[in-house]
Amino acid sequence: MRFSFNSEDVRKAWNRSIEEEVERLTTEVDEHTKRIRDMANHEFLIRQMRLELKNQDEEIAKLKEDLARFDKI
């Protein structure tokens, strides 16, 4: 059995394949964009936590100094 394709059939099949690939890539890019946004949010939260930790470390150091002064009294 022989298959016969005319150029219109080939063009339609080609276009359909291209459209499917574009859809697949668009979905993949959208997923990557969402991951990047999520990571940026996590990075912001980590920076905030580090800042808070630094502030707490400074407060702890001050309290230790105060305790040391009271111990001398």
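Points to keep in mind about this one:
- Acute angle (nearest 10 degrees) that the helix 7-72 long axis makes with the longest principal axis of the chain, alpha-carbon atoms: 0
- Rough spin-label spacing in nm, given labels placed 7 Å along Cα→Cβ, for Gln56 and Lys34: 3.2
- If R0 is 22 Å, the Cβ-Cβ spacing of Glu65 and Leu45 corresponds to a FRET efficiency of close to 0.10.
- Among Leu51, Ile36, Val22 - extreme Cα towards positive end, dipole of the stretch 22-72, charges at beta-carbon: Leu51
- Taking every lysine pair in the stretch 22-72 that is 8 or more places apart or spans two chains, those with Cα atoms closer than 25 Å amount to 4.
- Only Lys, Arg (+1) and Asp, Glu (-1) charged, at Cβ; the stretch 11-73 dipole about Cα centre in debye: 100
Any read-out appearing in this document is the output of simple, stated calculations on the displayed coordinates, not a laboratory observation. Just so it is clear, the structure is predicted and the values come from calculations on it, not from any experiment. Because the Cβ atoms are built from the backbone with ideal geometry, glycine has one as well, and the counts that use them run over all protein chains shown.
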